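I have placed the structure first, in the form of structure tokens, so that the comments after it can refer back to it.
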Amino acid sequence: MSTTALAPPAAAPRRARGGWWRRHQRRLAPYLFVAPFFVLFCAFFVGPLLFAAWLSLHDWSGFGALQWAGTDNYRRMLHDPELGHAIGNTLFYVLAVVVVLVPVALLLAVGLDHPRLRARHAFRTAFLVPTAISAVVAAVFFVMVFDTNYGLLNGVIKGLFGGNGVDWLGEPWTAKLSVAGVVFWRWAGLVALLFLAGLQDISREQVDAARVDGAKGRQVFWHVTLPGLRPVTVFVVAICVIGTIQIFEEPFILTSGGPAGATRSVVQLIYNDGFIQGQFGYAATIAVLLVVATFTGTIVAMAAGRLRGRARAARARAAVASAKAAR
Amino acid sequence: MSQDTRRASDLARIPEGPLTRRTLLKGAGSAGALLLGGSVLAACGSDSGGAATTAAGKTQDVTVKFWTHDPLLSVPFVKQEAKRLSAAANAPYRYKIVPTIIPADQIPPKARAAFLAKTNAPDLPAFEIGAFCQMMGIADQTLVDLTDAVGAVRGENIDKLWQPYAVGDRVYGVETSTSWFAGYFRPDEFKKLGLPAPDTFGTWDELLAAAERAAVPKGKVLGLIGTNSILATRIFMGFLQQAGGQIFNPDGSVALKSQAAVDALTMVSKAIQSGVFQAVEDSFAGPGAAALKSGNVIANPAADWYLQYVLQPSVPDQRNQWQLGLLPGFTADGPRGGYFGGLCFSVAKDSPVADATVELVKASILTKQGQLDNFKLNNLNPTWKSLYQEPDYLAKTAPFLGGQRVGEVYAKLIENVPSAPIQSADFGAAITVVGDELVAAYKGRKSPQAAISAASSALEAKVKEAQ
């Protein structure tokens, strides 16, 4: 006689109590939480973007029916010298921000993070004040600062060095530098704060270990601090590129895009063509180009950051492997 | 029963509080949906208009949404006229004016969007002359045709001042005043320099030569010229029209390449380069105010509204030190002034109070009383020739100018009227391409002939592109 105990029959799967919602809420809840943002994103970004792409295939004065234009607007864009100048100007601003503003903001952040700095909260607040000021107000103020005859800047220059001052807003290159200067003034503080947050995230043990190994200040900065800031740097460069590609208020108010289009940005051109000259179809075409450029610029900036990180990691692994082999 | 089991059963018996996490989330979700739905419904709602219909023959209460860039002059004037009309015996309408202040170049795109959406649209939009070009392509669809209203008094107008707001032969805006371009100057400073008043000089060349000898060495300046592209073009147009030139022909083609344009640009460039005029980024805002406050600016060719908008607020301490005078001409017998700017009142076609608004426009600008009211209240000159001989007009004094009878100065301009501005739908393009070339000439980077030629070619290319 077999004494093997019969296994109790497998319990029938219990149907969850409650209705459909109770059964599916765990699966659906994440989508519901992101839904408000997603709905607004579709309504105010994706929808208008698709409409702009559709509009770029038409001529429209802002009223009445759309007239089909096919690729005429795109062909016009390829031969538009004003657009070429505007793209050149915008690239100048982007390069100036990435090459000058980002490193300067990093140095500011390093200074703010210094343990011996007194009144650091006052400094941080002071650096953030320009970001809180409206771009329009800042530009109106700087029109007065940069004026050739009665501006504050030339007043200081004439007082210190004599001469007639500089025509800041009247010469093409000085006007570009003036616009870039206003952008720096407005955003250096905020970018420095982003770097400061990144700096405070770097493990102190790593820094201490490097110092124990004999690393000096500059070596610690290059080999510990900067690599530790890589994710923040990638993010900062990406948002700076995105923000600067869309620059509008500073050149619009400081110089109205002049002299001779030397400071006109792509967004300003979209505004002029669309709202002043009533060529909404062509303005939409340039807007589509801007979206593509912004998206591409961001992808490139982030990919460059990731590639650099991978290269560093590979070099570190190779160094560890060769050290092991040597032992 | 194990301790764990007992604890679990105890927990099962604990009644749930009134507010659980689930209840809170449900409540928040419902409130959010209600708020969002309410906002969406409100936004989708259309304007019901401002008219309250009452029994026929009785006064109707109307609310007129008035859009303007000018809070200082046009708003008080419209409110005053609305009050006057409402108080008249057997008045058909009782007006309530609701002004909205918007920058001049923003009114056309915002009005266009509002007309398209048929919501929150203005009933009475005031278009600045340079911004009206943006409405010309859609004027027949969005604005009331005021040709008949203007037609009854068209002969009264000074040299086709109705033209800048017309498309073809249909008029869609009524010019509110004549923005004369004359000369403000300081007699005390002129006396110190041994210079006679500017209006005693026959031509600009004579004035510039005398000023270069007497005023420039003392650091004194006889004019402020704005150098951002928009202002550069606008100020240049005043001199251009005085010289007999135009940017556009009546058929929309470019008329810039002319001897009058070269003469006007040569004069202004020479004046800037010799120091008689001073170039500032914005002669109506901060830099211009700083220049006036410095005390070095002893004269300035400017529009009639310059007194209230710039001179009085910037240099109140220079009260009673300024006077108004005519400008020298480009030729000995040429006009002694020009035009600078303009503002029209239009009526929205789909406005529920369009009829009442048309009546308001007619009564406030197309009557003798309305025109004189505007002058007495705001120092803004009539558009009717005949009013320049009215005793009320000639007797008006300007307290800031030491009680000077400014009407007597402007009345002289009627004797030799400069050419009225000719409007074009491409005026927006003109502002940028022409302005850049003008500034190049002001700074000596190009000769006036080369600058006018380049500006004309660039503008022709833009006009062709737009077609």
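The values are calculated or read from the model by the stated rules, or taken from the named source; none is laboratory data. Quick caveat: nothing in here was measured; it's all calculated off a predicted structure. Cβ atoms come from the backbone with ideal geometry, glycine included; neighbour counts cover every protein chain shown. Heads up: the accessible areas ignore ligands, DNA and RNA and are worked out on the full protein's heavy atoms, side chains in. Shrake-Rupley method; radii C 1.70, N 1.55, O 1.52, S 1.80 Å.
Every residue in region A:271-283 that is more than 13 Å from residue B:429 (Cα to Cα) and either open to solvent by 10 Å² or more (accessible area, probe 1.4 Å) or among the hydroxyl-bearing types (Ser, Thr, Tyr) (or both), please.
If we filter region A:271-283 for residues that are more than 13 Å from residue B:429 (Cα to Cα), which is where we start, we get A:280-283.
Selection gives A:280, A:282.
Search region B:410-437 for residues being among the aliphatic types (A, V, I, L, M) and touching a strand residue (DSSP E or B) at 6+ places or on another chain (Cβ under 9 Å), and hand back the single one that is nearest to the other protein chains (Cβ to nearest Cβ). Can you show your working first?
Step one: filter region B:410-437 for residues among the aliphatic types (A, V, I, L, M), giving B:411, B:413-414, B:417, B:420, B:422, B:425, B:429-431, B:433-434.
Those left that are additionally touching a strand residue (DSSP E or B) at 6+ places or on another chain (Cβ under 9 Å): B:413, B:420, B:422, B:425, B:430.
Working: B:413: 31, B:420: 23, B:422: 18, B:425: 8, B:430: 11 Å.
Once the filter is applied, the top-ranked residue is B:425.
Of everything in region A:214-268, what is among the polar types (S, T, N, Q) and more than 14 Å from every other protein chain (Cβ to nearest Cβ)? Give them in sequence order.
Once the filter is applied, which keeps residues that are among the polar types (S, T, N, Q) and more than 14 Å from every other protein chain (Cβ to nearest Cβ), region A:214-268 yields A:219, A:225, A:233, A:244, A:246.
Every residue, every condition in (1) among the basic types (Lys, Arg); (2) in a helix (DSSP H, G or I); (3) in contact (Cβ under 8 Å) with a residue 60 or more places away in the chain; (4) on the phi > 0 side of the Ramachandran plot, yes or no:
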| position | (1), (2), (3), (4) |
| --- | --- |
| B:388 | no, yes, no, no |
| B:393 | no, yes, no, no |
| B:400 | no, yes, yes, no |
| B:407 | no, yes, no, no |
| B:410 | no, yes, yes, no |
| B:414 | no, yes, yes, no |
| B:418 | no, no, yes, no |
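Determine whether region A:42-49 contains at least one residue that is in contact with a Phe, Trp or Tyr (Cβ under 7 Å, 6 or more places away or on another chain) and either buried (at least 18 other Cβ atoms within 10 Å of the Cβ) or not aromatic (Phe, Trp, Tyr) (or both). Explain how you work it out, then say what you get.
The first filter runs over region A:42-49 and keeps only residues in contact with a Phe, Trp or Tyr (Cβ under 7 Å, 6 or more places away or on another chain), leaving none.
Checked against the condition, which is being in contact with a Phe, Trp or Tyr (Cβ under 7 Å, 6 or more places away or on another chain) and either buried (at least 18 other Cβ atoms within 10 Å of the Cβ) or not aromatic (Phe, Trp, Tyr) (or both), region A:42-49 yields no hits at all.
Select from region B:84-108 the residues that are within 14 Å of chain A (Cβ to nearest Cβ) and open to solvent by less than 20 Å² (accessible area, probe 1.4 Å) and write down the one among them that is farthest from residue A:279 (Cα to Cα). Explain how you work it out, then say what you get.
Step one: filter region B:84-108 for residues within 14 Å of chain A (Cβ to nearest Cβ), giving B:102-108.
The next check asks that each one be open to solvent by less than 20 Å² (accessible area, probe 1.4 Å); those that pass are B:102, B:107-108.
Values: B:102: 22, B:107: 17, B:108: 14 Å.
Per the stated criteria, the residue is B:102.
Name the residue, out of B:326, B:307, B:265, that is surrounded by 24 or more Cβ atoms within 10 Å (Cβ to Cβ), touching a residue at least 40 places away in the same chain (Cβ under 8 Å) and of a type in the set (A, V, I, L, M, F, W, C). Explain how you work it out, then say what you get.
On the way: B:326 fails: surrounded by 24 or more Cβ atoms within 10 Å (Cβ to Cβ); B:307 fails: surrounded by 24 or more Cβ atoms within 10 Å (Cβ to Cβ).
After applying the criteria, what remains is B:265.
Exactly one condition in (1) farther than 24 Å from residue A:180 by Cβ; (2) away from chain B (no Cβ under 14 Å); (3) not small (Gly, Ala, Ser) is false for residue A:285; which is it?
(2)
For residue B:446, which of the numbered conditions (1) more than 12 Å from every other protein chain (Cβ to nearest Cβ); (2) at pLDDT 90 or above; (3) open to solvent by 10 Å² or more (accessible area, probe 1.4 Å) fails to hold?
Status for residue B:446: all satisfied but (1).
Restricting attention to region B:222-237, which residues are away from chain A (no Cβ under 12 Å) and within 15 Å of residue B:272 (Cβ to Cβ)?
Of everything in region B:222-237, those that are away from chain A (no Cβ under 12 Å) and within 15 Å of residue B:272 (Cβ to Cβ) turn out to be B:222, B:223, B:235, B:236.
Is it the case, given these coordinates, that residue B:457 is away from chain A (no Cβ under 14 Å) and at pLDDT 90 or above? Outline the logic, then answer.
On the way: away from chain A (no Cβ under 14 Å): no; at pLDDT 90 or above: yes.
So residue B:457 fails the test.
A quick yes/no check of all residues on (1) within 14 Å of chain A (Cβ to nearest Cβ); (2) under 27 Å from residue B:400 (Cβ atoms); (3) open to solvent by 10 Å² or more (accessible area, probe 1.4 Å):
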position	(1), (2), (3)
B:254	no, no, yes
B:281	yes, yes, yes
B:284	yes, yes, yes
B:292	yes, yes, no
B:314	yes, yes, yes
B:322	no, yes, no
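Given the options A:281, A:309, A:258, A:274, name the one that is assigned to a helix (DSSP H, G or I) and closer than 29 Å to residue A:133 by Cβ. Walk me through it before giving the result.
Working: A:281 fails: closer than 29 Å to residue A:133 by Cβ; A:309 fails: closer than 29 Å to residue A:133 by Cβ; A:258 fails: assigned to a helix (DSSP H, G or I).
So the residue among A:281, A:309, A:258, A:274 that is assigned to a helix (DSSP H, G or I) and closer than 29 Å to residue A:133 by Cβ is A:274.
For region A:227-252, name all the residues that are in a loop (DSSP other than H, G, I, E, B) and among the aromatic types (Phe, Trp, Tyr). Steps first, please.
Initially, region A:227-252 is screened for residues in a loop (DSSP other than H, G, I, E, B), giving A:229, A:246-248.
Across region A:227-252, the qualifying residue is only A:248.
Does region A:161-182 include one or more residues that are touching a Ser or Thr at 6+ places or on another chain (Cβ under 7 Å), closer than 30 Å to residue B:283 by Cα and more than 14 Å from chain B (Cβ to nearest Cβ)?
At the first step, the residues of region A:161-182 found to be touching a Ser or Thr at 6+ places or on another chain (Cβ under 7 Å) are A:165-170, A:175-176, A:179.
In the following step, the residues that additionally are closer than 30 Å to residue B:283 by Cα were identified as A:165-170, A:175-176, A:179.
Add one more test, that the residue is more than 14 Å from chain B (Cβ to nearest Cβ), and what stays is A:176.
Yes.
Mind counting the residues in region B:135-175 that are assigned to a loop (DSSP other than H, G, I, E, B), loosely packed, with under 15 Cβ neighbours inside 10 Å and without any contact (Cβ under 8 Å) to a residue 60 or more places away in the chain?
Within region B:135-175, residues that are assigned to a loop (DSSP other than H, G, I, E, B), loosely packed, with under 15 Cβ neighbours inside 10 Å and without any contact (Cβ under 8 Å) to a residue 60 or more places away in the chain number 2.
For region B:270-288, indicate whether the set of residues that are in contact with a Pro (Cβ under 8 Å, 6 or more places away or on another chain) and farther than 19 Å from residue B:459 by Cβ is non-empty. Step through it out loud before you land on a result.
The initial filter retains those residues of region B:270-288 that are in contact with a Pro (Cβ under 8 Å, 6 or more places away or on another chain), namely B:280-281.
Checking the rest, the ones that are also farther than 19 Å from residue B:459 by Cβ come to B:280-281.
Yes, because at least one residue in region B:270-288 is in contact with a Pro (Cβ under 8 Å, 6 or more places away or on another chain) and farther than 19 Å from residue B:459 by Cβ.
Taking the residues in region B:363-374 that are within 20 Å of the chain's Cα centre (by Cα) and in a helix (DSSP H, G or I) as candidates, determine which candidate is surrounded by the fewest Cβ atoms within 10 Å (Cβ to Cβ).
Within region B:363-374, the first condition is being within 20 Å of the chain's Cα centre (by Cα), and the residues that meet it are B:364-366, B:370-374.
Subset that is in a helix (DSSP H, G or I): B:364-365, B:370-374.
Details: B:364: 24, B:365: 26, B:370: 21, B:371: 25, B:372: 17, B:373: 19, B:374: 25.
The selected residue is B:372.
Hey, residue B:415 hits all of (1) under 23 Å from the mean Cα position of the chain (by Cα); (2) surrounded by fewer than 24 Cβ atoms within 10 Å (Cβ to Cβ); (3) at pLDDT below 90 but one; which does it fall short on?
(1)
Output the residue which, of all residues in region A:68-99 that are touching a residue at least 12 places away in the same chain (Cβ under 8 Å), farther than 13 Å from residue A:284 by Cα and open to solvent by 60 Å² or more (accessible area, probe 1.4 Å), is nearest to the chain's Cα centre (by Cα).
A:87
Checking residue A:201 against (1) surrounded by fewer than 12 Cβ atoms within 10 Å (Cβ to Cβ); (2) closer than 24 Å to residue A:99 by Cβ, only one condition comes out false. Which one?
Here residue A:201 clears every test but (2).
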